[in-house]
1. When segment 185-213 is examined, which residues are found to be in contact with a His (Cβ under 6 Å, 6 or more places away or on another chain) and either within 17 Å of ASP148 (Cβ to Cβ) or modelled with pLDDT of 95 or more (or both)?
2. Which residues, counting only those in segment 70-89, are crowded, with 17+ Cβ neighbours inside 10 Å and among the acidic types (Asp, Glu)?
3. Does THR188 satisfy the condition of being surrounded by fewer than 23 Cβ atoms within 10 Å (Cβ to Cβ), in a loop (DSSP other than H, G, I, E, B) and β-branched (Val, Ile, Thr)?
4. Only residues in segment 80-102 that are on the phi < 0 side of the Ramachandran plot count as the first member; pair them with residues that are of a type in the set (Phe, Trp, Tyr), Cβ under 6 angstrom, at least 6 apart or cross-chain, and list the lot.
5. Within segment 41-69, how many residues are crowded, with 19+ Cβ neighbours inside 10 Å, under 18 Å from ALA137 (Cβ atoms) and of a type outside the set (A, V, I, L, M)?
6. Pull up segment 65-91, narrow it to residues that are modelled with pLDDT under 95 and in contact with a strand residue (DSSP E or B) (Cβ under 8 Å, 6 or more places away or on another chain), then point me to the one that is nearest to GLY53 (Cα to Cα).
7. Please state which one of ALA137, ALA131, ALA108, ALA149 is in contact with a strand residue (DSSP E or B) (Cβ under 8 Å, 6 or more places away or on another chain), exposed (fewer than 13 other Cβ atoms within 10 Å of the Cβ) and on the phi < 0 side of the Ramachandran plot.
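The values are calculated or read from the model by the stated rules, or taken from the named source; none is laboratory data. Remember, it's a predicted structure, so these values are computed and weren't measured experimentally. Cβ placement follows ideal geometry from the backbone for every residue including glycine, while neighbour counts extend to all protein chains displayed.
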Amino acid sequence: MHQRSFASVLLCGIAQALTAQNGPVIPTGAMRSTMFNGQMAGLIALDTLAVPGVNGIGPVEYLQGEVLILDGTVFRSSAHGDGAMTVEIEPRTKSPFFVHQHVDSWTAVELPDTVVDLSTLDAFLTTRYAALGQPFAFRLSGKFTSIDAHIVDLPTGTVVNGPDDAHRDNKHYRTTARVADALGFFSTEHKAVFTHHDTNIHVHAITAERNWMGHVEAMRFEAGSMSLLVALP
């Protein structure tokens, strides 16, 4: 009797594991509310998301830095007047708009040799997954030829009435020949929520040493050199 009960419980657990699904993509706030309406106070405390499996990206409240959550670890990057940046683990960070997903299982996807930068990655994901009709996180890892990124860095008290105000004080950075993880979110339905109006992806990148991180503006990599994982719903 006990052996049969144990076997039943074991089989049930295996079945649950096999049918486990990734969580939905959850946006908090919206890019348009911050950029056009000046909503810059934090709407979500990221320590509430600092658990294994959670991945997410967004800016720091009042647009004073960038945030990336990678498997539950909250990384915050800040710009400095001398052109330097700091990256620290800071779960107490808040964000005015943010997007995250709890990922139980990543799926490996082979990239064609035509995918070598941000725009061709966007096009590939759109062609392959637009019909899915649902957003998802993805993770691109490997040695990048170059990554161009920015950190929002508004002076305290700045009033934002449009994107020009929000981005006027961005600090721009480039790194080359670095191993890094790029965490992004894909959607054809969330423009001005967590993607810009002219793209279906929003990406942050962090180097393997975890000492360089920002909102990706451009990136390049050699064909066939990257590992792509997607978190399909």
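1. Taking segment 185-213 first, the residues in contact with a His (Cβ under 6 Å, 6 or more places away or on another chain) are 185, 191, 194-195, 204.
If the condition is that a residue be in contact with a His (Cβ under 6 Å, 6 or more places away or on another chain) and either within 17 Å of ASP148 (Cβ to Cβ) or modelled with pLDDT of 95 or more (or both), then PHE185, HIS204 are the ones that fit.
2. Correct list: empty.
3. On the way: surrounded by fewer than 23 Cβ atoms within 10 Å (Cβ to Cβ): yes; in a loop (DSSP other than H, G, I, E, B): yes; β-branched (Val, Ile, Thr): yes.
It is true that THR188 is surrounded by fewer than 23 Cβ atoms within 10 Å (Cβ to Cβ), in a loop (DSSP other than H, G, I, E, B) and β-branched (Val, Ile, Thr).
4. Qualifying pairs under 6 Å: VAL87/PHE75; VAL99/PHE185; VAL99/PHE194.
5. Residues that pass the stated criteria total 5.
6. HIS80
7. ALA108
Here's the yes/no breakdown for (1) under 20 Å from ILE69 (Cα atoms); (2) in contact with a Ser or Thr (Cβ under 9 Å, 6 or more places away or on another chain); (3) acidic (Asp, Glu); (4) touching a residue at least 24 places away in the same chain (Cβ under 8 Å):
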{"site": "GLY23", "(1), (2), (3), (4)": "yes, no, no, yes"}
{"site": "ILE26", "(1), (2), (3), (4)": "yes, no, no, yes"}
{"site": "MET35", "(1), (2), (3), (4)": "no, no, no, yes"}
{"site": "MET40", "(1), (2), (3), (4)": "yes, yes, no, yes"}
{"site": "ALA45", "(1), (2), (3), (4)": "yes, yes, no, yes"}
{"site": "LEU49", "(1), (2), (3), (4)": "yes, no, no, yes"}
{"site": "GLY56", "(1), (2), (3), (4)": "yes, yes, no, yes"}
